[in-house]
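The values are calculated or read from the model by the stated rules, or taken from the named source; none is laboratory data. None of these values were measured; they are calculated from a predicted model. Cβ placement follows ideal geometry from the backbone for every residue including glycine, while neighbour counts extend to all protein chains displayed. The area values use the complete protein model at the heavy-atom level, side chains included, leaving out ligands, DNA and RNA. Shrake-Rupley method; radii C 1.70, N 1.55, O 1.52, S 1.80 Å.
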Amino acid sequence: MNKKTLLALVLAVAMLLSSCALIEKDPEADRATPIIHVGETVYTKGEIQDQINYQLSYMSYVYSLYGMPFDATDPEMIASAQQQVIDYLIEEAVLNQKAAQLGLTNLTEDEQAALDQRIEDSWNTNVESVKNGYFAESELAGEELDTAIAAKCDELGLTRDLVSETETVSFMQEKLHNYVIGSVAVTDEELQAAYDAGVASDKETFAEVPDAFGTRTNNASATIYYRPAGYRMVKQILVMFTQEDQALITQVQSRIDQQKQAVTNAVATLTDLGVADAEPLLNQVSISVPQPAMAVSFGDGETRLTKPVNTKAPELDITASFDESVDETTASAVKALAEAKALQAFFESQLTTATDNAFINIDAKADEILAQLEAGADWDALMAEKTDDPGMQEGAHTAATGYAVREGYAIMDEAFVNAAMALKNVGDVSPKARGMYGYYIIQYAAEVPEGPVPLEELSETITAELLATKQQAAYDEAVAVWIAEANAQVDYEALK
C-alpha cells in the first residue's frame, strides 16, 4: 500500500468518525426538544417521555395487583400511552389557559387550604398503595421500610411534585367545570319525558323478566319506575346453622358432588363399551352399605339417642351374578357404576341426617324468638338484635324496606319464597321455616302496588340524574370547542 492510499484511508476513517459525532444526539438537548405547542404553552420531549414512562409503570403496577401480565415494551402499548399523554397534555394546557383567562386560578385562602390538604391526602394514599402492593410481606420496618418505599416510588416515577401538579390541575379543572355548568338546569318537560320513558321501559322489561324487579329492588341497582303485579315486601329473622353444622353439611355435600361425578364417569365408560342401558346389568349387582350405628349420649342426667354422620366412604360388600355374555371389562365398569350410585345414596342419607341434626341444634333459639314475637315484641327491634341475615342488619338498605319477593321468584331459596308467599296479611309472621341456611322467620312487611311509581317519589332522583348528564355534556362540548380553537401543534416526528 503506497502513502497516497494510506492517507486516503485515514482521511476516510476520520470523516466517518466525524460524521458519527455530528449525528449523535445530545441527551439533554434531545429532551428539551419542543413537541407540543398550545398557544404559549410548550411541552418538551422529556416531559412527554416522563409522563409516558409513568403511565406505563402505573399500568404495570395495576396489572400486577390482579396477577395479570403487562408488557411495558410492547410498541402498541407505548403508542397508546403516548397518544393518551399527548391528548391529556393538550387538554391540560387548554384548560389551564381558560381557567387563567377567567380568573379562576386566583385561589382564596380556603381554596388553597383545601388544595394543600388534597395534595397531602393523595400523596399519602399513593405511598400507602405502593407499600401494600410491594411491601405487604416485607420484614422491613421503621426508617428502613420508609426508605425502601421512597426508592420504589422513585423507581415508579411517583414524586410529590408530580402528585402536587396532578392535584392542582384537577382542582383548577373542577373550578372550571363548576363555572361551565353553573347555568345548566333541567326543565319540567325534560323531567316528564324521562319519567315517561322510564315507566315504559320498566313495564316492558318486567313483563319479559318478572324476576328483574325483585333483583333491582333488593340490590338497589337502579331507579325503578314501574312495579309489576305479584310482589310483596318481606323481612326475616334468620336463625343460621351453627358453624360446625354448616361445615359438616358442606363437607357431606362435597362428597355427594364427588359421587355424582363418579356416576357420570362410569356411565360414560359403559357408553364407550357399547352399553346404552345399564339398568338390566345393575339389577344383577347386590351392594351392602354399612350404616352408622345409633349412639347413646349421656349428659346432664339425660340419656338420648343421637344420629351420627359419616363423611368417609364405608366399606361396601359388592356381589354380582353376570352371565357369560358380560365380559370382565364391562362387569368391572358396571360394578364401578353401582358403587358410585350406592355411595351417592349413602352420602345423601348422611346429608339428611346432618341437616336434621343442624335444625335440632337451633330449634330452641328459633322457638324463643317466636315466643317473644307472640308476646308482643317489636319486630324491627327483635330483628336487629337476633337476625343472622346481613341484609336485615343495620346499615343494609333492605333492613328498612325488606326483600321484594313473588311466587316462583327464582333468585332466592324456594323455601324462603314459599314461606313468604304463604302469609295472608301485612304484619303476619310465619312459623319457623326450614331453609338452606337455617330457620326462616318471615314477616309480611308491605304490599307492592302494581303500576307506575308516582312521579313525585322519583322527581328528585330523576332530576339529579338528568342534571348530571346535561352538565357533563355541556362541559365536554365546551372543552371540545376550546381545544379546537387552540389549534395545538404536535411534532410527532421529533418525538421518535
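Collect the residues in the range 416-433 that are open to solvent by less than 40 Å² (accessible area, probe 1.4 Å) and closer than 12 Å to Ala366 by Cβ, keeping them in residue-number order.
Within the range 416-433, Ser430, Ala433 qualify.
Pick out the one residue from Ala396, Ala377 that is free of Cβ contacts under 8 Å to residues at least 60 places away in the same chain, open to solvent by less than 60 Å² (accessible area, probe 1.4 Å) and touching a helix residue (DSSP H, G or I) at 6+ places or on another chain (Cβ under 7 Å).
Ala396
Could you tell me how many of the residues in the range 412-423 are over 24 Å from Ala354 (Cα atoms) and not in a loop (DSSP other than H, G, I, E, B)?
The qualifying residues number 2.
Which residue out of Val13, Val38 is hydrophobic (A, V, I, L, M, F, W, C), over 30 Å from the mean Cα position of the chain (by Cα) and modelled with pLDDT of 90 or more?
Only one candidate passes the filter, namely Val38.
Pairs please, first residue from the range 72-92 and on the phi < 0 side of the Ramachandran plot, second anywhere and charged (D, E, K, R) and open to solvent by 60 Å² or more (accessible area, probe 1.4 Å), Cβ atoms under 8 Å, 6+ apart in sequence or on different chains.
Cβ pairs passing all conditions: Met77/Asp71; Leu89/Glu47.
Taking into account only those residues within the range 216-229 that are surrounded by fewer than 16 Cβ atoms within 10 Å (Cβ to Cβ) and farther than 19 Å from Ala194 by Cα, which is nearest to the chain's Cα centre (by Cα)?
Once the filter is applied, the top-ranked residue is Asn219.
Can you say whether Tyr58 is surrounded by 15 or more Cβ atoms within 10 Å (Cβ to Cβ) and aromatic (Phe, Trp, Tyr), as far as the supplied structure shows?
yes
Would you check which residues across the range 472-484 are under 16 Å from Asp87 (Cβ atoms) and either among the charged types (D, E, K, R) or touching a His at 6+ places or on another chain (Cβ under 6 Å) (or both) and list them?
Hit for the range 472-484 is Asp476, nothing else.
Under 8 Å by Cβ, and 6 or more places apart or on different chains, what pairs join a residue from the range 261-278 that is in contact (Cβ under 8 Å) with a residue 12 or more places away in the chain with one that is surrounded by fewer than 12 Cβ atoms within 10 Å (Cβ to Cβ)?
Taking only residues 6 or more apart or on different chains, the pairs are Leu273/Thr329.
Evaluate the range 258-277: report whether one residue or more is assigned to a helix (DSSP H, G or I) and touching a strand residue (DSSP E or B) at 6+ places or on another chain (Cβ under 9 Å).
The answer is no, given that none of the residues of the range 258-277 is assigned to a helix (DSSP H, G or I) and touching a strand residue (DSSP E or B) at 6+ places or on another chain (Cβ under 9 Å).
Residue by residue through the range 136-151, note down the ones that are open to solvent by less than 40 Å² (accessible area, probe 1.4 Å) and not β-branched (Val, Ile, Thr).
Leu145, Ala148
Based on what the data block shows, is Val426 β-branched (Val, Ile, Thr) and in a loop (DSSP other than H, G, I, E, B)?
Yes: the conditions hold for Val426.
Is it the case that Asp146 is modelled with pLDDT of 90 or more, assigned to a helix (DSSP H, G or I), acidic (Asp, Glu) and closer than 26 Å to Val169 by Cα?
Against the criterion (modelled with pLDDT of 90 or more, assigned to a helix (DSSP H, G or I), acidic (Asp, Glu) and closer than 26 Å to Val169 by Cα), Asp146 does not qualify.
Find all pairs meeting these conditions: Cβ atoms under 6 angstrom apart; at least six residues apart or on different chains; first residue within the range 95-121 and assigned to a helix (DSSP H, G or I); second residue among the β-branched types (Val, Ile, Thr).
Filtered contacts from the range 95-121: Ala99/Thr105.
Of all residues in the range 152-204 being without any contact (Cβ under 8 Å) to a residue 60 or more places away in the chain and not in a helix (DSSP H, G or I), which is surrounded by the most Cβ atoms within 10 Å (Cβ to Cβ)?
Result: Thr159.
State the number of residues belonging to the range 304-336 that are of a type in the set (S, T, N, Q), out of contact with any helix residue (DSSP H, G or I) (no Cβ under 9 Å at 6 or more places or on another chain), modelled with pLDDT under 90 and open to solvent by less than 90 Å² (accessible area, probe 1.4 Å).
Counting residues in the range 304-336 that are of a type in the set (S, T, N, Q), out of contact with any helix residue (DSSP H, G or I) (no Cβ under 9 Å at 6 or more places or on another chain), modelled with pLDDT under 90 and open to solvent by less than 90 Å² (accessible area, probe 1.4 Å) gives 1.
Sort out which residues of the range 236-264 are closer than 30 Å to Lys335 by Cβ and either polar (S, T, N, Q) or open to solvent by 60 Å² or more (accessible area, probe 1.4 Å) (or both), and write them in order of number.
Thr250, Gln251, Gln253, Ser254, Asp257, Gln258, Gln259, Lys260, Gln261, Thr264 - these are the residues of the range 236-264 that are closer than 30 Å to Lys335 by Cβ and either polar (S, T, N, Q) or open to solvent by 60 Å² or more (accessible area, probe 1.4 Å) (or both).
Residues of the range 84-119 being within 30 Å of the chain's Cα centre (by Cα) and open to solvent by less than 70 Å² (accessible area, probe 1.4 Å), which ones?
Val85, Arg118, Ile119
Between Ala336, Ala340, Ala384, Ala354, which is without any contact (Cβ under 8 Å) to a residue 40 or more places away in the chain and assigned to a helix (DSSP H, G or I)?
Being without any contact (Cβ under 8 Å) to a residue 40 or more places away in the chain and assigned to a helix (DSSP H, G or I) holds for just one of Ala336, Ala340, Ala384, Ala354, which is Ala384.
Within the range 467-488, which residues are within 22 Å of Val42 (Cβ to Cβ) and surrounded by 13 or more Cβ atoms within 10 Å (Cβ to Cβ)?
If the condition is that a residue be within 22 Å of Val42 (Cβ to Cβ) and surrounded by 13 or more Cβ atoms within 10 Å (Cβ to Cβ), then Val479, Trp482, Ile483, Ala486, Ala488 are the ones that fit.
When the residues of the range 30-49 are narrowed to those that are crowded, with 16+ Cβ neighbours inside 10 Å and of a type outside the set (Ser, Thr, Tyr), which ends up nearest to Ala484 (Cα to Cα)?
Per the stated criteria, the residue is Val38.
Give me the pairs: first residue in the range 235-258 and within 14 Å of Gly435 (Cβ to Cβ), second residue of a type in the set (Asp, Glu) and open to solvent by 20 Å² or more (accessible area, probe 1.4 Å), beta-carbon distance under 6 Å, and six or more apart or on different chains, which are they?
Here the result reads Leu238/Asp388; Met240/Asp388, each pair linking the range 235-258 to a residue that is of a type in the set (Asp, Glu) and open to solvent by 20 Å² or more (accessible area, probe 1.4 Å).
Considering only the range 408-439, state which residues are of a type in the set (Ser, Thr, Tyr) and within 25 Å of Glu368 (Cβ to Cβ).
Those that are of a type in the set (Ser, Thr, Tyr) and within 25 Å of Glu368 (Cβ to Cβ): Ser430, Tyr437, Tyr439.
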